[in-house]
Amino acid sequence: MEPSSMINLKQIQKSYPVGNQSLHVLKGIDMEVGKGELVSIMGSSGSGKSTLLNIIGILDGYDSGDYHLAGTLIKNLSEKRAAHYRNKFLGFVFQSFNLLNFKNAMENVALPLYYQKVSRKKRNSIALEYLDRVGLKEWAEHLPSELSGGQKQRIAIARALISDPKVILADEPTGALDSSTSKEVMEIFKEVNKLGKTVIIVTHEHDIAEGTDRIIMLKDGIILDRNFQLAS
Amino acid sequence: MFDYDKWQEIFGTIRKNKLRTFLTIIGIGWGIFMIIILIGLGNGFQKGVTKGFGNWATNSGFVWGQRTTISYAGFQPGRSIDFDNSDTELLLSRVREIRYLAPRNRLGGWRGGNNAVRGDKTGAFTIVGDYPEFNKINVQNLKKGRFINQNDINGYRKVAVIGKNVVDLLFDEDEDPIGEYITIKKVNFQVVGLVEPVRNDGGEEDLNNIHVPFSTFQRAFGYGERVGWYAFAAYEHFNVSEVQAKMLTLLKEKNRINPLDEDAIGYFNLQEEFEEISGLFTGLKLFTWFVGLSTLFAGIIGVSNIMLIIVKERTKEIGIRKSLGATPLSIVSLILQESVFLSIVGGYIALIIGLLLLDLLSNLIPDDSIILNPAVSPGIALGSLVLLVIGGMIAGILPAQKAASISPIEAIRQEN
């Protein structure tokens, strides 16, 4: 494992029990994402890309292999420890935004800091800074229901960034957006990447994947190509 | 600690589900309401019944002579037993458990003829010869003046303490009876005290009482050494029935009564009756708590159910929180806090309504009713609030555990 490695997966295997059977989803994944890379993961439905993202995001465990995140072995963590790493190392951006609908934009962005026990006043002022970065400072007091899809996703990105994580994980971040909004969101990811953050985007949209440094192609639980070239 | 975000969330869910919250609150509130009302009425009932004992010390009793039913030491059955002053001395010297002994004699009474006169006014009253000790056994409600004292006894003073009816019948409304004289069986007595019955009900006969010194009574009315009956009170830690048995044994021995003769001496003590009634109330209380706690428990289950639904509805939200770094503990405390909050609000409202209702009842119920001043002690009220916090916790445990076990993957899962 090189020092510049941010995410390092070695022979990751994962099965899910389905009735009495066992569904082998990841069949030995070797994968590396360097520090500051902007990578997309592609693959058809059922290829295991969601499971892979869950494991990278410490949302789910794996059966065998080793996963190092920023040099730390992520294995058999307690719930509390896992929560700590998620909060400190990772920022999530989801397809359906996943904002809490009874909190306004600022409070949504500030939520990860709440779990770091940052005082309310302080975290709200930090949240305003991040909202400013995604161009939504004026919308701070608005509830998610009063915002457009693109705005919601920008708020979600601000929320992912606020804890200054090492890796941003995005699961189909443009899946619910129209193409022009998708482009805007993609531009933000690129900017974030330029600031030195490692960004991993799971997507099935070629437009999005094309904008990344590298495409990892997954099929039937194994990596088909670590540097996939899209046919143009 | 005041955690704004947690409260914001709690009020958020409440605002979204007003009806559900309302029903939950009723569920737990009903339990507390039942406890308060039942205990309050139970207390009132107890007060009403025990009031019937008036101011009689509950460790007191009575002993009086009747007729023998078994022959003994050459005496035929049917001999009338009369106590006298030597019996009093015997009891005082031999039964150390007796705290107060009040020999009593009575003249007149039920359907008796006129026996007291003042000027042109006359009336039929109950004349009792009393020792000062009587006032310890059955505390008199002195309205004015004093009760019989030891100097009255020693000096054979002709003084009287009179009841309310006596005042009404022998005196004009604007007259002060204290210091005035009344004539009983041609003997003049100076009034030194006025007593009123403690009870408003059933104390009718006490209204007709004229208490005079026991010694004076014996001498003035030709009773010689005779004692009508004894009232006594035992020291706190003695069993009245046992003290009474000891007295009976001594009295039987001295008066030559067959020890097996159960009917020669009559007796009665309040402790036995009081204990019986106390036992009844203990049973009633246990029942009250059982019903109240069961209802409260049903309420807790209701809250628990609602919280489970809330957790289910918030599965996605909890998943999102976990993906953002929420620890299981923070989720548990969120759910518990909401559960305790709902319980306390519901319980507190019910507590207030219950207390107000008791207060209202207390004002509506007449004073001579069997239920008197239904109320609960502040301790019970406070205790029920503590009960609510614990109840809310219990209600929240299962839903909180469920919430804590929600996987963060829920955040990614698509609902469609």
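The values are calculated or read from the model by the stated rules, or taken from the named source; none is laboratory data. All values derive from a computational prediction rather than experimental measurement. Positions of Cβ are generated from backbone atoms using ideal geometry, with glycine treated the same way; all protein chains shown enter the neighbour counts. Side chains are part of the model used for accessible areas, which takes the heavy atoms of the whole protein and leaves out ligands, DNA and RNA. Shrake-Rupley method; radii C 1.70, N 1.55, O 1.52, S 1.80 Å.
What are the residues in the range A:169-206 that are out of contact with any Pro (no Cβ under 7 Å at 6 or more places or on another chain) and among the β-branched types (Val, Ile, Thr), if any? Before you say what the answer is, go through the steps one by one.
So in the range A:169-206, the residues out of contact with any Pro (no Cβ under 7 Å at 6 or more places or on another chain) come out as A:169-184, A:186-200, A:202-206.
Correct list: A:174, A:181, A:188, A:192, A:198, A:199, A:200, A:202, A:203.
Looking at B:342, B:372, B:360 in this structure, which one is in the same structural domain as residue B:400 (by TED's automatic domain parsing) and either surrounded by fewer than 20 Cβ atoms within 10 Å (Cβ to Cβ) or more than 45 Å from the chain's Cα centre (by Cα) (or both)?
Numbers: B:342 fails: either surrounded by fewer than 20 Cβ atoms within 10 Å (Cβ to Cβ) or more than 45 Å from the chain's Cα centre (by Cα) (or both); B:372 fails: either surrounded by fewer than 20 Cβ atoms within 10 Å (Cβ to Cβ) or more than 45 Å from the chain's Cα centre (by Cα) (or both).
Exactly one of B:342, B:372, B:360 is in the same structural domain as residue B:400 (by TED's automatic domain parsing) and either surrounded by fewer than 20 Cβ atoms within 10 Å (Cβ to Cβ) or more than 45 Å from the chain's Cα centre (by Cα) (or both), namely B:360.
Look at residue B:287 and say whether it is away from chain A (no Cβ under 14 Å) and out of contact with any helix residue (DSSP H, G or I) (no Cβ under 6 Å at 6 or more places or on another chain).
On the way: away from chain A (no Cβ under 14 Å): yes; out of contact with any helix residue (DSSP H, G or I) (no Cβ under 6 Å at 6 or more places or on another chain): yes.
Against the criterion (away from chain A (no Cβ under 14 Å) and out of contact with any helix residue (DSSP H, G or I) (no Cβ under 6 Å at 6 or more places or on another chain)), residue B:287 qualifies.
Scan the range B:249-271 for residues that are touching a Phe, Trp or Tyr at 6+ places or on another chain (Cβ under 7 Å) and open to solvent by 20 Å² or more (accessible area, probe 1.4 Å) and jot them down.
If the condition is that a residue be touching a Phe, Trp or Tyr at 6+ places or on another chain (Cβ under 7 Å) and open to solvent by 20 Å² or more (accessible area, probe 1.4 Å), then B:256, B:258, B:267, B:268 are the ones that fit.
Just the residues that are surrounded by fewer than 17 Cβ atoms within 10 Å (Cβ to Cβ) and over 30 Å from residue B:57 (Cβ atoms), please, taken from the range B:272-300.
Correct list: B:290, B:291, B:293, B:294, B:297, B:298.
Is it the case that the range B:79-93 has a residue that's surrounded by fewer than 14 Cβ atoms within 10 Å (Cβ to Cβ) and in a strand (DSSP E or B)?
Yes, the range B:79-93 has at least one match.
Considering B:92, B:142, B:107, B:101, which residue is farther than 21 Å from residue B:193 by Cα, in contact (Cβ under 8 Å) with a residue 40 or more places away in the chain and not hydroxyl-bearing (Ser, Thr, Tyr)? If you could, list the steps in order and put the result at the bottom.
Working: B:92 fails: in contact (Cβ under 8 Å) with a residue 40 or more places away in the chain; B:142 fails: farther than 21 Å from residue B:193 by Cα; B:107 fails: farther than 21 Å from residue B:193 by Cα.
Of the residues listed, the single one that is farther than 21 Å from residue B:193 by Cα, in contact (Cβ under 8 Å) with a residue 40 or more places away in the chain and not hydroxyl-bearing (Ser, Thr, Tyr) is B:101.
Assess whether residue A:35 counts as being touching a strand residue (DSSP E or B) at 6+ places or on another chain (Cβ under 6 Å) and either buried (at least 17 other Cβ atoms within 10 Å of the Cβ) or farther than 19 Å from residue A:168 by Cα (or both). Give the derivation first.
On the way: touching a strand residue (DSSP E or B) at 6+ places or on another chain (Cβ under 6 Å): yes; either buried (at least 17 other Cβ atoms within 10 Å of the Cβ) or farther than 19 Å from residue A:168 by Cα (or both): no.
When the stated conditions are applied, residue A:35 does not pass them.
Those residues that are closer than 11 Å to residue B:211 by Cα and in contact with a Lys or Arg (Cβ under 6 Å, 6 or more places away or on another chain), I need them from the range B:144-191; list them, please.
The one that is closer than 11 Å to residue B:211 by Cα and in contact with a Lys or Arg (Cβ under 6 Å, 6 or more places away or on another chain): B:189.
Taking the range A:174-185 as the region of interest, how many residues are in a helix (DSSP H, G or I) and closer than 17 Å to residue A:92 by Cβ?
1
For the range A:83-110, name all the residues that are open to solvent by 10 Å² or more (accessible area, probe 1.4 Å), in contact with a Pro (Cβ under 9 Å, 6 or more places away or on another chain) and more than 9 Å from every other protein chain (Cβ to nearest Cβ).
A:89, A:97, A:104, listed by residue number.
If residue B:169 passes every condition in (1) open to solvent by less than 40 Å² (accessible area, probe 1.4 Å); (2) more than 27 Å from residue B:101 (Cα to Cα); (3) of a type outside the set (Val, Ile, Thr) but one, which one does it miss?
(1)
Pairs under 7 Å by beta carbon, first residue more than 14 Å from every other protein chain (Cβ to nearest Cβ) in the range B:9-26, partner surrounded by 13 or more Cβ atoms within 10 Å (Cβ to Cβ) and hydroxyl-bearing (Ser, Thr, Tyr), six or more apart or different chains?
Every condition considered, no pair remains.
Each row is one residue, and each column tells you yes or no for (1) aromatic (Phe, Trp, Tyr); (2) farther than 30 Å from residue A:96 by Cα; (3) more than 14 Å from chain A (Cβ to nearest Cβ); (4) not in a helix (DSSP H, G or I).
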| residue | (1), (2), (3), (4) |
| --- | --- |
| B:299 | no, yes, yes, no |
| B:309 | no, no, yes, no |
| B:368 | no, yes, yes, yes |
| B:381 | no, yes, yes, no |
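Any residue in the range B:389-407 that is in contact with a strand residue (DSSP E or B) (Cβ under 8 Å, 6 or more places away or on another chain), within 12 Å of another protein chain (Cβ to nearest Cβ) and part of a loop (DSSP other than H, G, I, E, B)? It would help to see each step written out before you state the result.
Applying the first criterion (in contact with a strand residue (DSSP E or B) (Cβ under 8 Å, 6 or more places away or on another chain)) to the range B:389-407 yields none.
The answer is no; no qualifying residue exists.
Mind counting the residues in the range A:188-206 that are assigned to a helix (DSSP H, G or I) and charged (D, E, K, R)? Walk me through how you get there before you give the answer.
Looking only at the range A:188-206, we keep the residues that are assigned to a helix (DSSP H, G or I), and these are A:188-194, A:206.
Filter again for charged (D, E, K, R), leaving A:190-191, A:194.
Total satisfying the criteria: 3.
Give the number of residues within the range A:111-125 that are open to solvent by less than 40 Å² (accessible area, probe 1.4 Å) and either in a loop (DSSP other than H, G, I, E, B) or more than 16 Å from residue B:8 (Cβ to Cβ) (or both).
3
Taking the options B:324, B:329, B:364, name whichever one is within 14 Å of another protein chain (Cβ to nearest Cβ) and out of contact with any helix residue (DSSP H, G or I) (no Cβ under 6 Å at 6 or more places or on another chain). Show your work before the answer.
Details: B:324 fails: out of contact with any helix residue (DSSP H, G or I) (no Cβ under 6 Å at 6 or more places or on another chain); B:364 fails: within 14 Å of another protein chain (Cβ to nearest Cβ).
Going through B:324, B:329, B:364 in turn, just one is within 14 Å of another protein chain (Cβ to nearest Cβ) and out of contact with any helix residue (DSSP H, G or I) (no Cβ under 6 Å at 6 or more places or on another chain): B:329.
What about residue A:88, is it out of contact with any helix residue (DSSP H, G or I) (no Cβ under 8 Å at 6 or more places or on another chain), at pLDDT below 95, of a type in the set (Lys, Arg) and not in a helix (DSSP H, G or I)? Before the answer, list the steps.
Values: out of contact with any helix residue (DSSP H, G or I) (no Cβ under 8 Å at 6 or more places or on another chain): yes; at pLDDT below 95: yes; of a type in the set (Lys, Arg): yes; not in a helix (DSSP H, G or I): no.
No: the conditions fail for residue A:88.
Please find, within the range A:126-146, the residue that is farthest from the other protein chains (Cβ to nearest Cβ) out of those that are assigned to a loop (DSSP other than H, G, I, E, B) and over 25 Å from residue A:57 (Cβ atoms).
Filtering the range A:126-146 for residues assigned to a loop (DSSP other than H, G, I, E, B) gives A:134-136, A:140-143.
Keeping just the survivors that are over 25 Å from residue A:57 (Cβ atoms) gives A:135, A:140-143.
Values: A:135: 22, A:140: 16, A:141: 14, A:142: 16, A:143: 11 Å.
Looking at the filtered set, the residue picked out is A:135.
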